[in-house]
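The values are calculated or read from the model by the stated rules, or taken from the named source; none is laboratory data. What you see is a predicted model, and the numbers here were worked out from it, not measured in a lab. Cβ placement follows ideal geometry from the backbone for every residue including glycine, while neighbour counts extend to all protein chains displayed.
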Amino acid sequence: MKLPAVNPTQTKSWKALENHFNAIKEVEMSTLFSEDSSRAEKFTIKWEDFYVDYSKNRITEETMQLLLDLADEVKLKEAMASYFSGDAINHTENRAVLHTALRASASSEVFVKGENVIPGINQVKEKIKDFTQRIVSGKQIGFTGKPFTDVVNIGVGGSDLGPAMVVDSLRYYKNHLNAHFISNIDGDHINETLEELNPETTLFVIVSKSFSTQETLANANTVKSWFLKTGTQQDIEKHFVAVSSNIKKVKAFGIHQDNIFAMWNWVGGRFSLWSAVGLTISLSLGFSNFEKLLLGAQKMDTHFKTEDFKSNIPVVLALLSVWYNNFFKSETEAVIAYSQYLNKLTSYLQQGIMESNGKGVDRTGKPIQYQTGTIIWGEPGTNSQHAFFQLIHQGTKLIPVDFIGFAQSLYGNQAHHDKLISNYVAQTEALLHGKKKADIIKDLEAKNVAQETIERILPFKVFKGNKPTNSIFINKLTPGSLGELLAMYEHKIFVQGIIWNIYSYDQYGVELGKQLANTILSEIKEEKTSVHDTSTSQLLAHYKSFK
């Protein structure tokens, strides 16, 4: 079944939202709080170990009701049914979108073209479990009889960003195996990684659905050549495994069929960490923690499927994003996690969000006249407070911010954690209220600052406030809560795509540059020249002058 194709700007609720926006766009959130003592409670969702406070947004109850009306008018509920049931909602590629099936219970039934895919998923999970246990326990060894000490994931895009982010985010839970990630085709990067490794004790996981991705295959062949300086062709099958659907090419590389982990075309790369693409996660953290990650995502899936929209975390966050993107014309959203462990979260979300919803054509193939995908950026707090928060607080751009925090630290250093969370909470308060002229004058006068100086510096010390934030407070960073968090953002992406009437699960926009890169590479290798614009021709000539 096709997704509904409703132009959101032609709905009654959109037009009502436009009128409503004009009526409240200048309203101060501080005023809304002072007028309603129960505002925070009204706009907070408590679910499992999540506490999501979205009261510090430029919204009223009417705003939320109109946004919920919009969700109904674009037929979000019907679209969700297609999303979870295996319909080919990736319509342009005629594929289902079923990363949710990868974390469904073993007894579930999800059909793709009449076939229940759950048994196949369970079979791959069992293979991951068995392989992980053999490697981690030391039962499976390298070609010189030594147990493995290091695992190297070779992939790019979703085959790298997801596993790398999860392993880094959950390194508190890691075992003795050291995980490394090779993604960029930059030769300097790969050589730096290999210098740290011993070929006798290193396992390589090559992740490529087609086993033809240029960056991944170039890196895999470089690694293979490095390995063969010590081992033999026969030893490759002990040190290399693959996650791929192209069995023929994997076997030609030298990898034994028993070491090939299956992928499905109904799993998009940027949502694939839940599949065998997560093999390095399982190896680094242990299969039990990989399972907990999947279970956390499954819990969020259930919440998203069953919860009423008004208390549905992904739905509410998506609606707020649409509110700012399409009515306030905010082009970016910042994601600030108050945990250094989540250092790679924003990079991961950038692919998921911008590759999915960076579309300019609607589901009927017509050019879109309204804004779609948002630009995602951010760094962990408190580092980010000393970097770009100046722009968020006093700049000319309205930047909605998701603040992610954890109530409990992992190592139990309470003094540090108190300081961290005090910053987390204080920033949301500062962005809400700002600091007005009267308060600044009072502070400066208390410090006996000269009146002339006060008048001169006053404009520069004003904080307007009224800056929107969401506070996503989670009990503790665990494999389960990380799974919940990631699935939350996945479903937010889906809801936005439905509202914007776009196909979120193809990514044709990444293809053109790749095609041209292959053409230019052949020119560089063969010393020939094709017709280019003058800028491109000059760049090529400049590069060739160094060869």
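Of note:
- Test result for SER535, modelled with pLDDT of 90 or more, farther than 30 Å from GLU291 by Cβ, part of a helix (DSSP H, G or I) and not assigned by TED's automatic domain parsing to the domain that holds THR44: yes
- Looking only at segment 17-51, and only at residues there that are of a type in the set (Asp, Glu) and not in a helix (DSSP H, G or I), the one that is nearest to PHE328 (Cα to Cα): GLU26
- Close pairs (6 angstrom Cβ cut-off, 6 or more residues apart or separate chains): free of Cβ contacts under 8 Å to residues at least 40 places away in the same chain and farther than 24 Å from VAL166 by Cβ in segment 252-271, aliphatic (A, V, I, L, M) and surrounded by fewer than 22 Cβ atoms within 10 Å (Cβ to Cβ) anywhere: GLY254/ILE236
- Output for segment 403-425, where each listed residue is surrounded by 12 or more Cβ atoms within 10 Å (Cβ to Cβ) and either in contact with a His (Cβ under 9 Å, 6 or more places away or on another chain) or aliphatic (A, V, I, L, M) (or both): ILE404, PHE406, ALA407, GLN408, SER409, LEU410, LEU420, ILE421, VAL425
- Residue within segment 45-64 that is touching an Asp or Glu at 6+ places or on another chain (Cβ under 7 Å) and under 25 Å from ILE368 (Cα atoms) present: no
- Members of segment 1-16 that are in contact with a helix residue (DSSP H, G or I) (Cβ under 8 Å, 6 or more places away or on another chain), surrounded by 15 or more Cβ atoms within 10 Å (Cβ to Cβ) and assigned to a loop (DSSP other than H, G, I, E, B): LEU3, PRO4, VAL6, THR11
- Every listed requirement among (1) modelled with pLDDT under 95; (2) in a loop (DSSP other than H, G, I, E, B) is met by LYS229 save one, (1).
- Qualifying position, being within 16 Å of the chain's Cα centre (by Cα), over 29 Å from LEU177 (Cβ atoms) and touching a residue at least 40 places away in the same chain (Cβ under 8 Å), among ILE313, ILE336: ILE336
- Tallying residues that are of a type outside the set (Lys, Arg) and under 20 Å from ILE135 (Cα atoms) within segment 224-240 yields 8.
- If the condition is being of a type outside the set (Asp, Glu) and either surrounded by fewer than 16 Cβ atoms within 10 Å (Cβ to Cβ) or touching a His at 6+ places or on another chain (Cβ under 6 Å) (or both), then segment 228-244 contributes LEU228, LYS229, THR230, THR232, GLN233, GLN234.
Let's see how each residue does on (1) over 30 Å from TRP323 (Cβ atoms); (2) without any contact (Cβ under 8 Å) to a residue 60 or more places away in the chain; (3) not in a helix (DSSP H, G or I); (4) not hydroxyl-bearing (Ser, Thr, Tyr):
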site: VAL449; (1), (2), (3), (4): yes, yes, yes, yes
site: THR453; (1), (2), (3), (4): yes, yes, no, no
site: TYR489; (1), (2), (3), (4): no, no, no, no
site: LYS492; (1), (2), (3), (4): no, no, no, yes
site: THR529; (1), (2), (3), (4): yes, yes, yes, no
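- Of all residues making up segment 257-288, the number that are farther than 11 Å from SER244 by Cα, of a type in the set (Gly, Ala, Ser) and in a helix (DSSP H, G or I): 6
- Scope segment 320-341; condition surrounded by fewer than 19 Cβ atoms within 10 Å (Cβ to Cβ) and either part of a strand (DSSP E or B) or in contact with a Lys or Arg (Cβ under 6 Å, 6 or more places away or on another chain) (or both); matching residues: THR332
- The test for being of a type in the set (Asp, Glu), in contact with a helix residue (DSSP H, G or I) (Cβ under 8 Å, 6 or more places away or on another chain) and not assigned by TED's automatic domain parsing to the domain that holds ALA318 does not hold for GLU452.
- Residues in segment 72-90 that are on the phi < 0 side of the Ramachandran plot and either in contact with a strand residue (DSSP E or B) (Cβ under 8 Å, 6 or more places away or on another chain) or surrounded by fewer than 16 Cβ atoms within 10 Å (Cβ to Cβ) (or both): ASP72, LYS77, GLU78, ALA81, SER85, ALA88.
- Residue selection: HIS256 satisfies the criterion of being surrounded by fewer than 17 Cβ atoms within 10 Å (Cβ to Cβ), at pLDDT below 95 and not polar (S, T, N, Q).
- In segment 378-414, the residues that are farther than 21 Å from LYS436 by Cα and assigned to a loop (DSSP other than H, G, I, E, B): GLY378, GLU379, PRO380, GLY381, THR382, ALA387, PHE388, SER409, LEU410, TYR411, GLY412, ASN413
- Residue count for segment 52-68, restricted to those that are in contact (Cβ under 8 Å) with a residue 40 or more places away in the chain and either assigned to a loop (DSSP other than H, G, I, E, B) or in contact with a strand residue (DSSP E or B) (Cβ under 7 Å, 6 or more places away or on another chain) (or both): 7
So that you can scan it fast, the table gives a plain yes or no per residue for (1) out of contact with any Phe, Trp or Tyr (no Cβ under 8 Å at 6 or more places or on another chain); (2) among the aromatic types (Phe, Trp, Tyr); (3) not in a helix (DSSP H, G or I):
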position	(1), (2), (3)
THR92	no, no, no
ALA106	yes, no, yes
LYS125	yes, no, no
LYS129	no, no, no
THR132	no, no, no
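- Lone unmet requirement of (1) exposed (fewer than 13 other Cβ atoms within 10 Å of the Cβ); (2) of a type in the set (Asp, Glu); (3) over 23 Å from GLY360 (Cβ atoms) for ASP439: (1)
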